[in-house]
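Below: the structure, in structure tokens.
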Amino acid sequence: MKKQISTKNAPQAIGPYSQAISANGFLFISGQLGVTPEGEFAGSSVEAQAQQSLTNLQNILAEAGLSFDNVVKTTIFLADMADFAKVNVTYAKFFKEPYPARSTVAVKTLPKDALVEIEVIAVY
């Protein structure tokens, strides 16, 4: 059985997907850009966009009654792998040990020409 999770404290889905789906003890959160709930980029730097992306994830987690402590896997998509260290600094402000498993990949482009997108999987 799956349940849709949604909050007004993160950007609304702009296509045929959900902000998050809860199923079988897991929460799968769709990739979050560095966009405010109003739909505007939080800034033009990768740090500002990563901060907003993680804030969006934090708000979706909270809607499900969870926190970053429940996250077991993250995936970071970067428009430029040269931004890896900058995103790491911002990422480290949200997570503590034991850190979740993580993959980071560079992609050709992201929606809205974003610089970063982050998705997570959490457990209840």
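The set of residues from segment 28-63 being under 13 Å from the mean Cα position of the chain (by Cα), crowded, with 19+ Cβ neighbours inside 10 Å and not polar (S, T, N, Q) comprises ILE29, GLY31, LEU33, GLY34, VAL35, ALA50, LEU54, LEU57, ILE60, LEU61.
Residues checked against (1) more than 24 Å from GLU97 (Cα to Cα); (2) without any contact (Cβ under 8 Å) to a residue 24 or more places away in the chain; (3) not in a loop (DSSP other than H, G, I, E, B):
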position: PRO16; (1), (2), (3): yes, yes, no
position: ILE29; (1), (2), (3): no, no, yes
position: PRO37; (1), (2), (3): yes, no, no
position: GLY43; (1), (2), (3): yes, yes, no
position: ALA50; (1), (2), (3): no, no, yes
position: SER53; (1), (2), (3): no, no, yes
position: ALA62; (1), (2), (3): no, no, yes
position: THR75; (1), (2), (3): no, no, yes
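On the stretch given as segment 79-104, residues that are in contact with a Leu (Cβ under 9 Å, 6 or more places away or on another chain), hydrophobic (A, V, I, L, M, F, W, C) and over 15 Å from THR55 (Cα atoms) total 2.
Taking segment 89-111 as the range and being more than 16 Å from LEU57 (Cα to Cα), open to solvent by less than 80 Å² (accessible area, probe 1.4 Å) and polar (S, T, N, Q) as the test, the residues that pass are SER103, THR104. Evaluating ALA13 against the criteria (1) at pLDDT 95 or above; (2) of a type outside the set (Val, Ile, Thr); (3) open to solvent by 30 Å² or more (accessible area, probe 1.4 Å) leaves one unmet condition, (1).
Each residue in segment 91-124 was checked for being in contact (Cβ under 8 Å) with a residue 12 or more places away in the chain, in a helix (DSSP H, G or I) and more than 15 Å from SER44 (Cα to Cα), and 1 of them qualify.
The set of residues from segment 18-27 being within 14 Å of the chain's Cα centre (by Cα) and assigned to a loop (DSSP other than H, G, I, E, B) comprises SER18, GLN19.
The values are calculated or read from the model by the stated rules, or taken from the named source; none is laboratory data. Because the structure is predicted, anything quoted here is derived from the model rather than measured. Backbone-built Cβ (ideal geometry, glycine too); neighbour counts: all protein chains shown. Only protein heavy atoms, including side chains, enter the accessible area calculation; ligands, DNA and RNA are left aside. Shrake-Rupley method; radii C 1.70, N 1.55, O 1.52, S 1.80 Å.
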